[in-house]
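Student: Sending over a structure as C-alpha cells; questions will come in a sec.
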Amino acid sequence: MPFPFFDRLFGILQGGCLLLLLGLPVIYWGLLPEVIPIHYGANGLPDGFGPKSSLWALAFIGGLLFGVLQGINRYPQYFNYPRPIPEEKKAEVYRQAQRVIKLLSLYVLGLFTYIQWQTIRVAIGQAEGLGSAFLLVVFLPVVVGLGYALKQAFGISKKK
C-alpha cells in the first residue's frame, strides 16, 4: 500500500529524532562532566546521578523501542482489534492502525530525544531539569491519543 503524505512526514520526523538521539552524545561528549543526571523526580529535577555513558543506554533503549514498534507495524493484520473487521474495510483499518503505531513510535523517539537533550543541558549547566510541564507533555498525548484511537477503532468497524 502506498503511504500518504503524513505517513512519510512521520517517517522523516522519526529519522530526525533517531539521528539526534544517537548524535547528541557524540556531539556533546567532550563537554560533558563524568557524572550526569540519570534520573528525574516528579518535579522534573534530577535526583539520581551516574556516568555520562548512561546517555548511550538512553539512546539504546529509545532505538530499541523504535525498532520493536517498526517491526510490529509491519503486521497490522495481527493487531488486536476491538471488533471483527469487514473484508472491504481491512485496508483502511490496517492503515489507521499502522498510523497509530507510527505516531506512537514518533512520540517515544521524541520523548527519549527530549530527555537526552535536557540531560545534556542539565549536565553542562544550561538547564535545571526537565521542565515543570514535562509530566503534562508525557501523559496528555497518551490519554488523548488513546481516546482518539479507540474512537476510530470502534467507529470504523460500525460503518457500513
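Student: Using beta carbons and a limit of 8 Å, which pairs, at least six apart or on different chains, have the first residue in the stretch 114-126 and touching a residue at least 40 places away in the same chain (Cβ under 8 Å) and the second one surrounded by 18 or more Cβ atoms within 10 Å (Cβ to Cβ) and of a type in the set (Gly, Ala, Ser)?
Tutor: Gln116/Ala59; Gln116/Gly62; Val122/Gly129
Student: Could you grab me the full set of residues in the stretch 111-126 that are under 14 Å from Gly30 (Cα atoms) and buried (at least 19 other Cβ atoms within 10 Å of the Cβ)?
Tutor: Residues satisfying the conditions are Ile120, Ala123.
Student: Mind listing just one residue for me: the one in the stretch 1-51 that is charged (D, E, K, R) and assigned to a helix (DSSP H, G or I) and, of those, surrounded by the fewest Cβ atoms within 10 Å (Cβ to Cβ)?
Tutor: Arg8
FYI, it's all coordinate maths here, none of it is from the lab. The structure displayed is predicted, hence computed values, not measured ones. Using ideal geometry, Cβ is built from the backbone for each residue, glycine included, and neighbour counts are taken over all protein chains shown.
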